[in-house]
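One structure below.
Just so it is clear, none of the values below were taken in a lab; they were calculated from the coordinates. As the structure is a computational prediction, the values presented were derived from the model and not from experiment. All Cβ positions, even for glycine, are placed from backbone atoms using ideal geometry, and neighbour counts span all protein chains on display.
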Ligand SMILES: C[S@@+](CC[C@H](N)C(=O)[O-])C[C@H]1O[C@@H](n2cnc3c(N)ncnc32)[C@H](O)[C@@H]1O
């Protein structure tokens, strides 16, 4: 397998835009070996068992690497992405789950364990996307149930697929998906559904003036990146939450948001100015502020 790994690395190294070729090569090999061999389930199996590729698998690996070098995200080619505890189906209908969003998932899961345990928990998520965040909560806490909004119908179809596979065929007993028909709709969509212990979102927050990689701009939907496509209000969803939190949050509840690290302090300031003094930033593994937690 070493020879194939090196061959794939050399294909990637010739394409200058590749940033983490080793990780991507491992993902291609894991994906292909898993289809072929039931013993290979994760990266550790791949390393310890070091399986031999056959010629069909080699050709397929090279075809995938060459396609990847045209700039198509590997996750779109393979149709999968790992996030937190599970593997998710992904496509171009919504954002590819990012490793940094695991900081948000982890912060919420730790908070639920500490403050709610197995007590019933009601949550609301704005911007369901592929479903990663709501799915992780539902899979981890059997007493959790909630609502999630999503404007893109194709993303809803993808999230339903992931929820059904990971949470179970009866997932609709535990989560209600709301489909606003206006991209400027915000947290008010949850208002007629009572109060929530947990509200969370990884909202579109890119500003049109931010530097953004060509690959992202070309292959990921702009509705998942920019709030109100074309407008210059990147804080739209944070501001919108501040208009509605008092009617949505239960006492003792918490809200968690992924935030752009460049504007994290400014957004925290807005929360404090709105009277939510018990707000703080949570850092990612590189030490950058990545998540805002507001407690009520
Ligand atoms: C940054 S993506 C996050 C997706 C997923 N939660 C994640 O963390 O990977 C934001 C999602 O919000 C959706 N969205 C955009 N505007 C929205 C709105 N007004 N209401 C609900 N969802 C919206 C987008 O279609 C996109 O799927």
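Hey, what does the equivalent ellipsoid look like for the chain, semi-axes from the Cα gyration tensor as sqrt of 5 times each eigenvalue, largest first, whole Å?
36, 22, 17
Evaluated at q = 0.32 Å⁻¹, the base-10 log of the normalised Debye intensity for the range 41-80, with identical point scatterers placed on the Cα atoms, takes the values -0.96.
Taking the centroid of alpha carbons for each part, the range 37-98 and the range 261-275 are 38 Å apart.
Please work out the Cα convex hull volume for the range 1-42 and give it in Å³ per residue.
63 Å³
Spin-label model, residue 140 to residue 13: label points 7 Å out along the Cα-to-beta-carbon direction sit 3.9 nm apart. Taking all Cα pairs closer than 8 Å and separated by 6 or more residues, the relative contact order of the chain comes to 14 percent.
One way to sum up the overall shape of the range 50-187 is the equivalent ellipsoid from its Cα gyration tensor, whose semi-axes run 31, 19, 13 Å, largest first. Springs between Cα atoms under 10 Å define the GNM used for the chain, and in it the highest mean-square fluctuation of 136, 228, 85 occurs at 85. Expressed as a fraction of 2.2 N^0.38 Å, the C-alpha radius of gyration for the range 69-126 is 1.46. Using equal-weight Cα scatterers in the Debye expression, the normalised intensity of the range 249-296 in log10 at q = 0.14, 0.15 Å⁻¹ is -0.31, -0.36. Mark the label point 7 Å from the Cα of residue 2 along Cα→Cβ and return the residues of the range 34-51 whose backbone N is within less than 15 Å of it. Under cut-off, by backbone N: 47-51. Value of Rg to Rh for the range 2-70, rounded to two decimals, is 0.95; Kirkwood radius and Rg both from alpha-carbon coordinates.
Report summary: the helix-based calculation at 222 nm, which adds -39500 (n - 2.57) for every DSSP H run with n ≥ 4 and divides by the residues of the chain, gives -12500 deg cm²/dmol. Angle check, please: helix 101-115 long axis (alpha carbons) against the longest principal axis of the chain (alpha carbons), in degrees 0 to 90, nearest 10. Long axis of 101-115 versus the principal axis of the chain: about 50 degrees. Return one number: the angle in degrees, 0 to 90 and rounded to the nearest 10, between the long axis of the Cα atoms of helix 236-248 and the longest principal axis of the Cα atoms of the chain. Rounded to the nearest ten degrees, it is 50. At q = 0.16, 0.18, 0.21 Å⁻¹ the log10 of I(q)/I(0) for the range 193-296 amounts to -0.73, -0.90, -1.14, computed by Debye summation with a single uniform scatterer per C-alpha, solvent ignored.
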